[in-house]
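Okay, so here's the structure we're looking at.
The values are calculated or read from the model by the stated rules, or taken from the named source; none is laboratory data. A quick note: this is a predicted structure, and the numbers were derived from the prediction, not measured. With ideal geometry, Cβ positions are generated from the backbone for all residues, glycine too; neighbour counts draw on all protein chains shown. Please note that ligands, DNA and RNA were not included when accessible areas were found on the heavy atoms of the full protein model with its side chains. Shrake-Rupley method; radii C 1.70, N 1.55, O 1.52, S 1.80 Å.
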Amino acid sequence: MSPGPASPSPAPRARRASSAPSRRVNGRLNGQWLIRFILALGLGLAAVSIGWIVLYRVVPPPGTPLMLIRAIGGSGIDKDWQGLGAISDTLPQAVIASEDSLFCSHAGFDWESMRQAWQGNMAGARLRGGSTISMQTAKNAWLWQDRTYVRKGMEAWFTLWMELIWPKNRIMEVYLNIIEWGDGIYGAEAAARAFFGKSAANLTRREAALMAAVLPNPLRWSPDKPTRYISGRAGVIQQRMSIVERDGLDQCVK
């Protein structure tokens, strides 16, 4: 009797079975590499942003994202950096009275205002952020202009580190030198000369109040041609400036 056919070799099955663990190992290695890459990228970006904040602690920002965006749109760039000592004390008083009365006492965030803004946003009101002067400085120095939560999160990151690294008077100095006061007009010195024909060092209380009054929408309003609303708002700011001075709410910038 002839022998039956030889049994098939199990080797191919063994080889096929061994490929599954290999794929699992490779998958784990790829996943670990991706996690490490993301962590390294995040740490790198964090280090760059903190280094940028440290640099601006001593170096005037040469420009801002908003200046670039406006320039691409056809606007000019009129700015003239001045130290805080070369700006009238009335202007910090006016912006504190108008924008952030707790500027000298908070650590970058006005939690009560932010809570109220959050409640308004959840109720369906127009998205707002309860921004402090510190948050506005961070936004203008490093970020773009919109009202998304992603941008607000990045704003909080820059604000946190800026408050840790900069003194309050530096925050105010940068703020007054980079914020937009008109089409292509940035900073207190350029604005004072454009609207009142004088240096920011010589602003009166009324002129400072008018400049602070237009900050919510400087492309719509102008300090030298105030609407009835802006004139009335400036009057309220002047009254608040007296409280700021009386209670020493501007001591951190003097």
### Query
Expressed as a whole percentage, what fraction of the accessible surface of the stretch 164-254 belongs to carbon and sulfur atoms when a 1.4 Å probe is rolled over the protein heavy atoms?
47
### Task
Compare Tyr186, Tyr149 by solvent-accessible area with a 1.4 Å probe and give them largest first, with all protein chains kept in place.
Tyr149, Tyr186
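So, for the stretch 127-254, what is the accessible surface per residue at a probe of 1.4 Å, expressed in square angstrom?
Heavy-atom accessible area per residue stands at 43 Å².
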### Query
Residues with beta-carbon under 13 Å from that of Gly187, excluding Gly187: net charge, scoring Lys, Arg +1 and Asp, Glu -1?
-3
#### Entry: Sequence of Asp80, Asp110, Asp250 from largest to smallest accessible area, 1.4 Å probe
Asp80, Asp110, Asp250
### Query
Looking at the stretch 199-238, which trypsin sites (Lys or Arg not before Pro) are DSSP coil and have at most 14 other C-beta atoms within 10 Å of their C-beta?
Arg220
#### Entry: Anchor Lys152: lysines whose Cα lies under 19 Å away (excluding residues fewer than 8 positions away in-chain)
Lys139
